[in-house]
Amino acid sequence: DGFPADSAKADGLLRQLKRLGMDAARFDTAFTELERPGASGAERIRFMFSANPGEPLKDLAEVASGGELSRLLLAINLIVGAEQPVLVFDEVDAGTGGRAALAIGTVLRQLARDRQVLVVTHLPQVAAFAQTQFHVSKQERGGRTLSSVTRLDDTSRVEELARMLAGSVTDASLRAAAELLEAAAASATQPTS
């Protein structure tokens with residue numbers, strides 16, 4: 001009786017994890033009967049996980065990195081359908097880049113079709129998929145650190161993505177940022193699996 005309960009959902013979860021750059025991921029559940037039933041039931045349930053080939057399944061809480069946990073949550077939300085109207089992902093792309101980051105951006109955009117999705121990211125490949133992008137900055141004033149949030153218009157968005165890509169705004173980084181936005185927009189119109 002593992003999670004998800006049916007094999008189609010279990011297969012779908014593994015497909016989504018592969019799509020998110022976790023090609024060798026495995027996931028299962030372990031049930032341990034309690035001596036006495038309690039408020040949470042008669043069994044203790046542990047999620048078992050392995051992200052790497054050749055590694056045994058172990059307790060998710062002990063072996064998964066923050067990025068792996070975030071991607072697993074993202075995949076579960078896609079498979080079982082999150083009912084929350086707002087989802088927040090903080091650096092769901094940690095430890096990824098390139099193709100995996102693009103896949104994460106695509107999946108986040110897919111989730112955002114039915115609910116509000118807020119994402120904190122440092123990867124331009126993920127940020128390019130946002131419908132609305134904000135820039136968060138910190139400044140010290142009067143011995144205090146203050147954060148400010150600015151909604152980016154089309155021009156400032158391209159400049160911010162260029163900065164994220166290259167560390168500075170140059171003609172080359174602006175072209176790359178514009179191409180990244182075009183690719184994200186084109187992929188958002190493709191059917192999802």
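The values are calculated or read from the model by the stated rules, or taken from the named source; none is laboratory data. Keep in mind the model is a prediction, meaning the values are calculated, not measured. For neighbour counting, all protein chains shown are included, and Cβ atoms are generated from backbone atoms with ideal geometry for every residue, glycine included. Keep in mind that these areas ignore ligands, DNA and RNA; they rest on the heavy atoms of the full protein, side chains included. Shrake-Rupley method; radii C 1.70, N 1.55, O 1.52, S 1.80 Å.
Structure notes:
- Against the compact-protein benchmark of 2.2 N^0.38 Å, the Cα-based radius of gyration of the chain scales to 1.21.
- Rule-of-thumb Rg ratio for segment 1-74 [Cα; 2.2 N^0.38 Å; N residues]: 1.19
- Folded to 0 to 90 degrees: helix 154-166 orientation relative to the chain principal axis, Cα: 70
- By definition, a body whose alpha carbon gyration tensor gives a ≥ b ≥ c is oblate when a/c is 1.5 or more and a/b is not larger than b/c, and segment 89-178 fits this oblate description.
- Overall form of segment 56-105: oblate. Here a/c, set by the Cα gyration tensor axes a ≥ b ≥ c, is 1.5 or more, and a/b is not larger than b/c.
- Placing unit charges on the Cβ atoms of the charged side chains and taking the dipole of the chain about its Cα centre, the candidate lying farthest along the positive direction among 29, 69, 47 is 69.
- Taking Cα centre as origin and charging only the Cβ of basic (Lys, Arg, +1) and acidic (Asp, Glu, -1) residues, the dipole magnitude of the chain rounds to 320 debye.
- Per residue, segment 47-193 exposes an accessible area of 59 Å² to a 1.4 Å probe, with every protein chain left in place.
- Net +/- balance of residues flanking residue 92 in space, Cβ distance below 12 Å, scoring K and R +1, D and E -1: -3
- As a rough guide to protection, the peptides 132-144, 104-116 ranked by mean Cβ packing within 10 Å, highest first, stand as 104-116, 132-144.
- Accessible surface of segment 2-55, 1.4 Å probe, proportion on carbon and sulfur as whole %: 48
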